[in-house]
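See structure below.
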Amino acid sequence: MAKRSLRDLPDDILRLEKPLEGPTADMATMASNDVIPSQESIGEKLKRMSEKVQETYRTKLGTYRGLEASLVLHPLGGTEVVLDGVTRCRETPMRDNPGARAVLNELERLANGYDYACRSNRAEISVKQGQLADFEARVGRPFEHAEYMS
């Protein structure tokens with residue numbers, strides 16, 4: 001099992017590190033930008049949008065802390081608040097036609113979600129790195145209870 005884990009764990013760690021690149025870059029962008037669209041400007045854009053659409057429709061809401069914010073309407077109902085940077089995050093509000101305050105709340109929730117996702121991935125990477133170090137220390141050593149077993 002240790003030999004198999006030594007073979008597989010480095011790839012597992014790389015697989016977990018790759019998705020961190022985009023969110024990490026987006027968090028750096030957000031850290032250096034504090035500009036968010038005003039509730040009034042979002043409200044105006046929402047007023048101009050149709051409540052029902054025949055095909056998927058996207059409206060740009062402006063820049064939210066350096067990332068592009070938009071609202072996506074779907075033909076059979078359903079609305080998504082989207083935050084685009086290196087990665088794309090989306091959230092479906094509770095109502096199909098949310099108000100400006102609800103949209104801003106969703107954008108804030110999306111922005112705060114980057115940190116949680118990165119911390120969660122880093123914790124898993126840390127566990128796998130610990131397992132890798134443990135298996136590296138075990139391989140090649142004799143089984144310490146071999147005498148007892150025999």
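The values are calculated or read from the model by the stated rules, or taken from the named source; none is laboratory data. From a predicted model like this one, the values you see are computed outputs, not experimental measurements. Reconstructed Cβ throughout: ideal geometry from the backbone, glycine too, with neighbour counts over all protein chains shown. Areas reflect the complete protein model, heavy atoms only, side chains present, ligands, DNA and RNA absent. Shrake-Rupley method; radii C 1.70, N 1.55, O 1.52, S 1.80 Å.
Points worth noting:
- Segment 33-150 - accessible surface per residue (Å², probe 1.4 Å): 67
- Within the accessible area of the chain, the carbon and sulfur atoms contribute 51%, probe 1.4 Å, all protein chains present.
- Within the chain, helix-based [θ] at 222 nm, where runs of 4 or more DSSP H residues each add -39,500 (n - 2.57), nearest 500: -17500 deg cm²/dmol
- Packing, as the average of other Cβ atoms within 10 Å across residues, places the peptides 79-92, 17-30 in the order 79-92, 17-30, highest first.
- Prolate/oblate/rounded label for the chain (Cα gyration tensor, a/c 1.5): prolate
- As a rough guide to protection, the peptides 118-124, 51-57 ranked by mean Cβ packing within 10 Å, highest first, stand as 118-124, 51-57.
- Hits among lysines - C-alpha to C-alpha of K52 under 29 Å, sequence gap 8 or more where chains match: K60
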